[in-house]
1. Given 20 °C and 1.002 mPa s, how large is the Stokes-Einstein diffusion coefficient of the stretch 3-146 in µm²/s, with Rh as the Kirkwood radius over Cα pairs?
2. With a Förster radius of 41 Å, plug the Cβ-Cβ distance of V37 and E126 into 1/(1 + (r/R0)^6) and report the FRET value to the nearest 0.05.
3. Net charge near K132, counting Lys/Arg +1 and Asp/Glu -1 over other residues with Cβ under 15 Å of its Cβ?
4. What ³J(HN,Hα) values, in whole Hz, does the Karplus curve 6.51 cos²θ - 1.76 cosθ + 1.60 give for the stretch 58-71 when θ = phi - 60°, with x put for Gly and Pro?
5. How much length is gained if the chain between A89 and D135 is pulled fully straight, taking 0.36 nm per residue apart and subtracting their Cα-Cα distance, in nm to one decimal?
6. Among F57, L73, N91, whose Cα lies farthest out toward the positive end of the dipole of the chain, if unit charges sit on the beta carbon of Lys, Arg (+1) and Asp, Glu (-1)?
7. Using Cα centres only, tell me the gap between the stretch 84-130 and the stretch 1-51 in whole Å.
8. Of N141, N75, N106, which has the largest mean-square fluctuation in a 10 Å C-alpha GNM of the chain?
Amino acid sequence: MNRSKRIQSIAKVAESEEKNAAKEMEKSRQLLQKQEVHLQELTKYKDEYSESMNKSFAQGMDAVQLCQYRAFLANLTQAIERQIQVVSAANSEMEKMRALWLGRYNRTKALAKAAKNYQIDELEQEKKQQQKIVDEVSSRNCNHAQKKGFW
């Protein structure tokens with residue numbers, strides 16, 4: 001097996017690895033998007049709950065209700081803080097998957113280029129070899145013709 005065929009085999013494996021990395025990157029991107037939407041929903045709910053609490057407070061509420069509202073609001077704030085951490089981790093994972101894919105993409109392209117270059121070199125070598133054979137045959141025919149007195 002010549003060099004171009006060997007490198008093409010390696011390039012096919014690299015291309016498969018690149019495709020798998022692209023799929024994993026897409027999964028991580030979708031998970032990040034899902035986590036960001038959840039964070040937005042929590043934030044929106046907290047804002048709506050705070051507004052509702054303010055309206056209820058303006059209309060008058062007892063101390064027990066106020067404590068319950070504040071406790072629930074504190075829980076929402078903690079949930080949002082945890083979700084921010086989840087989003088951050090999902091973003092880090094997505095960036096890690098992107099870097100992995102990019103590395104594999106670059107490797108695939110480099111291997112494909114190397115295979116093409118090897119193939120071009122092999123074709124040039126083959127042409128040179130064929131030309132050498134043609135030159136040798138021509139030279140022999142010419143020498144043979146000279147010996148026979150054709151020239």
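Read-outs: derived from the displayed coordinates by stated rules, not from any lab. Small disclaimer: the values here were computed from a predicted structure and weren't measured. Every residue, glycine among them, receives a Cβ derived from its backbone with ideal geometry; neighbour counts consider all protein chains shown.
1. 100
2. Working: r = 59 Å, r/R0 = 1.43.
The calculated FRET efficiency here is 0.10.
3. Values: positive: K127, K128, R140; negative: E124, E126, D135, E136.
Summing Lys/Arg as +1 and Asp/Glu as -1 gives -1.
4. For the stretch 58-71, the Karplus curve yields 5, 7, x, 8, 7, 5, 5, 5, 4, 5, 5, 4, 5, 5 Hz.
5. Values: separation 46, 0.36 × 46 = 16.56 nm, distance 6.84 nm.
Gain in length upon complete extension: 9.7 nm.
6. N91
7. Spelled out, the Cα-based centre of one part sits 17 Å from the other.
8. N141
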